[in-house]
Each structure stands twice: as C-alpha cells, then as structure tokens.
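Working notes for the structure below.
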Amino acid sequence: MAECIFCKIIKGDIPSAKVYEDDLVYAFLDISPINHGHALVIPKEHHESSATVPEETAGRMFRVASRVGVALKRKYDWDAFNLHLADGTAAGQVVNHVHLHVVPRGVEDGFRWNWRQLKYEDGQMAEIAGELAARVNADLAGK
Ligand code: 5GP
Ligand code: ZN
C-alpha cells in the first residue's frame, strides 16, 4: 500500500533499525519503545488485520517474535517478554499494517498492563463460549 509507513519501511523508503528479514516477514525496533529492544514483527504483504494474514505468514510472525524475545533475554538479561497485537483502533492499533510487538520485560521495569478482572453472571460464560464456538468453527471450516 503506497502510503503505509510500514510498507515504506519494508521497501527501505523510510529507514529502520532492522532485526530480521526473510521472504514473509520483517522485524525492526519500535521507534518509541516500552523498554529498549522493543521490536515489531510485520508481514511483508500489507494486511490491516491479523485475520487476513495467511496461516504460514502468521506462523512465521509468531515464531520470529518468540525468537526475538529469547534473543532479548539472552543478550540483555531481560527476565521475560510480552507479545502484543492491537487489532483495530479501539484495541489501540495506530498503524494500519498489522504488527506483533515484542516487549522485553524486567521484574522491576516499572511498566504495568492496565489489566482488569471482571466477573461473569451464572451461565453467562457457557453461553458466550457456545455462541463463539459455533461461529469460530463455521469460520475455520470455511462456511
Ligand atoms: P500500535 O499502537 O499500532 O500497536 O503500534 C504502532 C507502533 O509503531 C508504535 O509503538 C510506534 O512507536 C511504532 N511506530 C510508528 N511509526 C514508526 C516508525 O516510523 N518507525 C518505527 N520504527 N516505529 C514506528
Ligand atoms: Zn503496509
């Protein structure tokens, strides 16, 4: 896509700190990191949503992101890493070329996800799971 900044990064029209590249994916450092080494793994093909990324590419994104996370731990002594993907504006997606964040984490890095814990009413959990299961199974069966 001509005006997409991540497509421009892949083409080399915008400079980036490249970490990895192969036939399907490109990985580079996020310009505004949560912690130093915070990387982004993107498909070379432009997709806005994770839902349209072909299975092989999606698998490669996950594999590369995990290996980048392991490299961050081994090289810089981070304790752990988060993989994060914002799919859609309401989820926090700002750049409309799907990207998997690899965020190196330390026990005392001072960063916290603002993660709340709601409760379900009686029966609500089973109802939602059942409705979702029907849609997901039909979707993945190609109906
Ligand atoms: P999102 O909020 O869409 O999940 O994440 C987009 C990420 O892309 C942000 O963390 C932001 O810092 C990063 N980003 C945006 N523009 C550029 C850029 O031109 N170069 C690099 N390296 N990262 C960028
Ligand atoms: Zn793009």
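The values are calculated or read from the model by the stated rules, or taken from the named source; none is laboratory data. These numbers were taken from a predicted model, which means no experiment stands behind them. Quick reminder, even Gly has a Cβ in these numbers, built from the backbone with ideal geometry, and neighbours come from all protein chains shown.
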task: Filter segment 38-59 for residues that are in contact with an Asp or Glu (Cβ under 9 Å, 6 or more places away or on another chain), over 16 Å from residue 96 (Cα atoms) and either in contact (Cβ under 8 Å) with a residue 12 or more places away in the chain or aromatic (Phe, Trp, Tyr) (or both) and give the result.
output: 38, 39, 57
One residue from 57, 52 being surrounded by 15 or more Cβ atoms within 10 Å (Cβ to Cβ) and of a type in the set (S, T, N, Q): 57
- line: So, first residue on the phi < 0 side of the Ramachandran plot and within 16 Å of ligand 2 (Cβ to nearest atom) in segment 78-95, second residue modelled with pLDDT of 95 or more and among the small types (Gly, Ala, Ser), Cβ within less than 7 Å, six or more apart or across chains; the pairs are 85/50; 86/92; 87/49; 87/50; 93/86
field: Single unsatisfied condition, residue 53 versus (1) more than 16 Å from ligand 2 (Cβ to nearest atom); (2) of a type in the set (A, V, I, L, M, F, W, C); (3) farther than 22 Å from residue 33 by Cβ
entry: (1)
Qualifying residue in segment 114-129 (condition: surrounded by 10 or more Cβ atoms within 10 Å (Cβ to Cβ) and touching a Gly at 6+ places or on another chain (Cβ under 9 Å)): no
message: Could you go through segment 64-84 and let me know if any residue there is loosely packed, with under 12 Cβ neighbours inside 10 Å and either under 12 Å from the mean Cα position of the chain (by Cα) or more than 25 Å from residue 26 (Cβ to Cβ) (or both).
response: yes
task: Go through segment 1-21 and count every residue that is part of a loop (DSSP other than H, G, I, E, B) and either in contact (Cβ under 8 Å) with a residue 40 or more places away in the chain or on the phi > 0 side of the Ramachandran plot (or both).
output: 3
- request: Determine whether residue 63 is within 30 Å of residue 142 (Cβ to Cβ), free of Cβ contacts under 8 Å to residues at least 24 places away in the same chain and either away from ligand 1 (no atom under 14 Å from the Cβ) or in contact with an Asp or Glu (Cβ under 7 Å, 6 or more places away or on another chain) (or both).
  value: yes
- prompt: Within the set of pairs 6 or more residues apart or between chains, which connect a residue that is touching a residue at least 24 places away in the same chain (Cβ under 8 Å) inside segment 104-133 to a residue that is assigned to a loop (DSSP other than H, G, I, E, B) and of a type in the set (Gly, Ala, Ser) with Cβ atoms less than 7 Å apart?
  reply: 104/37
field: Qualifying positions in segment 27-47 - more than 11 Å from ligand 1 (Cβ to nearest atom) and either part of a loop (DSSP other than H, G, I, E, B) or out of contact with any His (no Cβ under 9 Å at 6 or more places or on another chain) (or both)
entry: 35, 36, 37, 44, 45, 46, 47
task: Look through 53, 102 and report the one residue that is of a type outside the set (S, T, N, Q), modelled with pLDDT of 95 or more and in contact with a Pro (Cβ under 6 Å, 6 or more places away or on another chain).
output: 53
